[in-house]
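Data block below; observations after.
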Amino acid sequence: MTRPATRKAPTREERKARTRQELIDAAERLFLRDGFHATSVDAVADEAGYTKGAVYSNYAAKEELFLALYARRVDRAVAEMERRLRKGDPAAGIAELAAEALVRRDADDGWIAVFFEFWAHALRNPEVRERFRVQHARFLEPLVAASARALAQRGLEPADEPRKLATAWNAMALGLMLERLTQPDVVDRGLAERMMALAFRDGGP
């Protein structure tokens with residue numbers, strides 16, 4: 001009779017990684033529900049089932065928790081954008097992604113709100129602002145590459161370098177997402193696609 005395999009005990013690094021994951025998960029739930037400033041480190045610890053000391057042994061401050069959460073969301077977003085933009089018409093792909101972002105509800109609305117809240121907070125802290133900028137720039141990379149391909153396919157002379165164009169188009173999408181929270185009757189699903197079509201038709205803003 002074959003004995004069942006003995007489950008190997010997790011290593012110290014594996015336990016630490018699990019703790020960090022659970023803390024980020026808890027922080028995400030609270031940030032999305034209550035906002036960045038209204039969420040305390042104590043609340044995150046309680047939500048995750050750890051002590052406040054466990055939080056501070058992994059993250060030096062609440063800002064560190066948010067930046068870790070943002071990095072995780074950027075990882076997922078970049079992977080999804082690269083998958084979606086790899087084939088077909090990159091301009092159409094960018095427009096579709098922007099349109100989809102405008103019609104999301106519930107948890108995504110919570111993320112939009114806390115994202116802009118933290119952005120404003122980061123502007124007053126140079127170190128946090130730089131780390132936020134790095135993650136934000138990383139999010140733009142697939143859009144920069146897709147924008148360059150889209151303009152080349154159309155034989156358009158870009159009004160500016162692809163990174164600046166991608167930044168401008170992303171700023172438009174972010175602005176529309178924010179406006180949708182207060183003007184859902186104005187910011188319809190097709191608005192982002194129509195604006196994107198104008199941008200690519202003319203070679204950029």
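The values are calculated or read from the model by the stated rules, or taken from the named source; none is laboratory data. Note that this is a predicted model, so its numbers are computed, not measured. Here the Cβ positions follow ideal geometry from the backbone for every residue, glycine too, while neighbour counts run over all protein chains shown.
Looking at the structure I just gave you, is Y56 of a type in the set (F, W, Y) and closer than 13 Å to I24 by Cβ?
Working: of a type in the set (F, W, Y): yes; closer than 13 Å to I24 by Cβ: no.
Taking the combined requirement at face value, the residue does not satisfy it.
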Note to self: Need the failing condition index for G53 against (1) in contact (Cβ under 8 Å) with a residue 12 or more places away in the chain; (2) more than 18 Å from the chain's Cα centre (by Cα); (3) farther than 21 Å from A122 by Cα, just the number.
What the structure shows: (1)
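Yes/no per residue for (1) surrounded by fewer than 19 Cβ atoms within 10 Å (Cβ to Cβ); (2) modelled with pLDDT of 95 or more:
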{"position": "P4", "(1), (2)": "yes, no"}
{"position": "K8", "(1), (2)": "yes, no"}
{"position": "T11", "(1), (2)": "yes, no"}
{"position": "R20", "(1), (2)": "yes, yes"}
{"position": "L23", "(1), (2)": "no, yes"}
{"position": "E28", "(1), (2)": "no, yes"}
{"position": "G35", "(1), (2)": "yes, yes"}
{"position": "E47", "(1), (2)": "yes, yes"}
{"position": "Y50", "(1), (2)": "yes, yes"}
Note to self: For the list (1) touching a residue at least 24 places away in the same chain (Cβ under 8 Å); (2) surrounded by fewer than 16 Cβ atoms within 10 Å (Cβ to Cβ); (3) not basic (K, R), I need the number of the one condition that G155 fails.
What the structure shows: (1)
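Would you call K16 out of contact with any Cys (no Cβ under 8 Å at 6 or more places or on another chain), farther than 23 Å from M177 by Cβ, of a type outside the set (G, A, S) and outside any helix (DSSP H, G or I)?
Details: out of contact with any Cys (no Cβ under 8 Å at 6 or more places or on another chain): yes; farther than 23 Å from M177 by Cβ: yes; of a type outside the set (G, A, S): yes; outside any helix (DSSP H, G or I): no.
Here the answer is no, as K16 does not meet what is asked.
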Item checked: Residue count for segment 19-52, restricted to those that are under 15 Å from F66 (Cα atoms) and not in a helix (DSSP H, G or I) -> 6
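If you check G88 against the conditions, is it without any contact (Cβ under 8 Å) to a residue 40 or more places away in the chain and not aliphatic (A, V, I, L, M)?
Numbers: without any contact (Cβ under 8 Å) to a residue 40 or more places away in the chain: yes; not aliphatic (A, V, I, L, M): yes.
So G88 passes the test.
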